[in-house]
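Worksheet for the structure shown next.
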Amino acid sequence: MLNQKEKQYYLVGLSYKKADVKTRGEFSLSEEQQLALLNSFKEEGYESVLILSTCNRTEISGFVEHPYILINKLCNVVEGSVDKFLDVAYILKTEQAINHLYRIVTGLDSQILGDYEIIGQLKRSVTNSKKIGGLNAFTERLFNSVIKTSKRVKNETLISSGVTSVAYAATQYLKDNVQDLKSKKIVIFGVGEIGKNSLKNVLSYTDNKNVILINRTYENAQFLADQFDVEVRKYENLKEEVANTDVLIVATGSQTPTIRKEDLPQDKEMYIVDLSVPRNVDVSIDKMPNKYVVDVDYLSVLTEETKENRLKEVPKVESIIEEEKQDFIKWVEARKFAPVIKMLKQKLNDFQTEEINYHKRKSSAFDENEIQTVSDRINQKIIRHFATYLHTNMENADTCIHLVKEMFNLELESAHEKNKNWNAV
């Protein structure tokens, strides 16, 4: 088992801010890769590792001795190299990492300001970590806090008004560019979260019911089709259906192209929306005649018209973040105070026992039960007063704790116990 004392909370990652679609694709992780990587961390004694891989970012966070542990293990299972990662990466420690998590789940750090699509992906990542027993008290409390913050922002602000996801932006693009969209045949390839959102948006905002779903796992497509009363085709019929469609929305999660040049008719006019990262529509299709291809980077430009209104909501969002973050920090501080409060309580109990035993020997008329009750109340008041002082005087808490330890000769807990209370954080 690795030495917990040397570990700190780090978050490493890359995003749309410095990495283009191609680069992000080189560092994206499938669900299977994520689970394998989580198990690899656990086997080496690293806890509370969380992996977040979306179309706009790939991030790994957890308690490690050095951030390069996270980086090296990631780069061992993806196409990209360590050097390429470092060219576009961010490395955040403790408070910076925590601040970053609050910002991404509230849409402040999304490619489309106010996009909440990531919250569902974060919940799945948390579930994956829990599956292998990979969350400790600190990170579980942190993720619960950021998820609660996201809900508050969604309910209490208008930052999500207008375009809220690339799936919605895709629908807006089609409405603006495809004539008589209502009557066109639409194929959605891939029925994961983004594919499902694309279907919802098409049905809600275009009045087009001529939608066909295709997925490698037929049962998943059929389940979604039954919910929304649309048609479904088997994966074996993909080429045939694509050849006859007017609009193709690709939301697959492959590491290599799932739609190739040879899958498409040469001259038929088609609008192709690639919502996958890495791109799942081969780049050679961009040069085909009558083929209009857009990807997630292009779609983000379409949201500029709503950006100004959303920017006005940012101060409200930041205020909510600060409230929830302070609650989390208070919880962390309370855990830091717990060991010394416990030690002081034990020391007072020792004094109490010693004095009661002394007076029992001195007097046969000594009422032990009554004295026990009175002294218990005194001890409780002292402990309560001390704890209240620490919580209301955070800036002096460390000095006070140090003095109390010296004054009462309190023994330090083991490194393991100290780490459990996150003094390192």
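The values are calculated or read from the model by the stated rules, or taken from the named source; none is laboratory data. The structure displayed is predicted, hence computed values, not measured ones. Cβ coordinates were reconstructed from backbone atoms using ideal geometry, including for glycine residues, and neighbour counts include every protein chain displayed. Areas reflect the complete protein model, heavy atoms only, side chains present, ligands, DNA and RNA absent. Shrake-Rupley method; radii C 1.70, N 1.55, O 1.52, S 1.80 Å.
The table for this structure:
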| read-out | value |
| --- | --- |
| Rg/Rh for region 272-327, where both radii come from Cα atoms and Rh is the Kirkwood radius | 1.27 |
| Accessible area of M407 in the full protein assembly, 1.4 Å probe (Å², nearest 10) | 140 |
| Debye, to nearest 20: dipole size of region 134-276, +1 on Lys, Arg Cβ, -1 on Asp, Glu Cβ | 560 |
| Listed residues Q96, A19, N56: farthest to the positive end of the dipole of region 1-136 (Cβ charges) | Q96 |
| In Hz, Karplus ³J(HN,Hα) per residue of region 202-212 (6.51, -1.76, 1.60; θ = phi - 60°; x = Gly, Pro) | 4, 5, 7, 10, 10, 6, 8, 9, 8, 10, 10 |
| Per DSSP, loop trypsin sites (Lys or Arg not before Pro) in region 253-355 with at most 12 further Cβ within 10 Å | K312 |
| Average Cα contact separation per residue, region 79-173, under 8 Å, 6 or more apart, as relative contact order % | 35 |
| Gaussian network model of the chain, Cα within-10 Å springs - most flexible of A169, A397, A221 | A397 |
| Extension reserve of the E156-E262 stretch, reckoned as 0.36 nm per residue once the Cα distance is removed | 33.2 nm |
| Calculated SAXS-style log₁₀ I(q)/I(0) at q = 0.15, 0.19 Å⁻¹ - region 314-407, Debye, Cα scatterers | -0.72, -0.92 |
| Cβ-based charge dipole, the chain, positive-most Cα from G253, L299, S125 | S125 |
| Shape call, region 147-226: gyration tensor on alpha carbons, a/c limit 1.5 | oblate |
| Residue among T139, T217, T58 with the largest mean-square fluctuation in a Gaussian network model of the chain, springs linking Cα atoms under 10 Å | T217 |
| Vicinal HN-Hα couplings computed from phi for region 370-383 (Karplus, 6.51 cos²θ - 1.76 cosθ + 1.60; Hz; Gly/Pro x) | 5, 5, 4, 5, 5, 5, 4, 5, 5, 4, 4, 5, 5, 4 |
| Where N is the number of residues in region 1-108, Cα Rg divided by 2.2 N^0.38 Å | 1.01 |
| Cα long-axis angle, helix 218-228 against the chain (0 to 90 degrees, to the nearest 10) | 90 |
| Mean-position separation - Cα centroids, region 97-176 and region 322-345, in angstrom | 26 |
| Mean separation of Cα contacts under 8 Å (6+ apart) over length of the chain, as relative contact order % | 15 |
| Computed magnitude of the charge dipole of the chain (debye, nearest 20; Cβ of K, R +1, Cβ of D, E -1) | 700 |
| Debye, to nearest 20: dipole size of region 225-311, +1 on Lys, Arg Cβ, -1 on Asp, Glu Cβ | 280 |
| Computed [θ] at 222 nm, deg cm²/dmol, the chain (DSSP H ≥ 4; -39,500 (n - 2.57); rounded to nearest 500) | -17500 deg cm²/dmol |
| Cross-link pairs K7/K312; K17/K209; K22/K268; K200/K239; K93/K151; K22/K330 - those with Cα-Cα distance over 32 Å | K7/K312; K17/K209; K22/K330 |
| H402 - accessible surface, heavy atoms, 1.4 Å probe, Å² rounded to 10 | 100 |
| Solvent-accessible area of V332 with every protein chain in place, 1.4 Å probe, in Å² to the nearest 10 | 20 |
| Principal axes of region 188-329: Cα extent on each, largest first, Å | 56, 35, 32 |
| Matching label, mean projected area of the Cα convex hull in nm² computed from the structure shown, candidates [x] 19.6; [y] 17.9; [z] 26.5 | [z] |
| Whole-percent carbon and sulfur share, accessible surface of the chain, 1.4 Å | 48 |
| Hz values of 3J(HN,Hα) by residue in region 232-249 - Karplus curve (6.51, -1.76, 1.60), Gly and Pro given as x | 9, 10, 6, 4, 4, 9, 4, 4, 5, 5, 5, 5, 10, 9, 9, 10, 10, 10 |
| Region 65-184: mean projected area of Cα convex hull, nm² | 11.0 |
| Under-5 Å amide H pairs with V293, H placed in peptide plane, nonlocal only | I272 |
| Label point distance in nm, N349-K405, each placed 7 Å from Cα along Cα→Cβ | 2.1 |
| In nm, spacing of pseudo-spin labels at D180 and N237 (7 Å Cα→C-beta vector) | 2.4 |
| Selected from I132, I320, I71 as most flexible by GNM, with the chain as the system and alpha-carbon contacts under 10 Å | I132 |
| Separation of alpha-carbon centers, region 364-411 and region 1-67, rounded to whole Å | 43 |
| Three-way shape call for region 141-193 based on the alpha-carbon gyration tensor, with the a/c threshold at 1.5 | oblate |
| Between 0 and 90°, nearest 10: helix 95-105 axis offset from the chain longest Cα axis | 40 |
| Estimated FRET transfer efficiency (I378, A36; beta-carbon r; R0 60 Å; 0.05) | 0.55 |
| Rounded tilt (10° steps) of 31-43 against the dominant C-alpha axis of the chain | 20 |
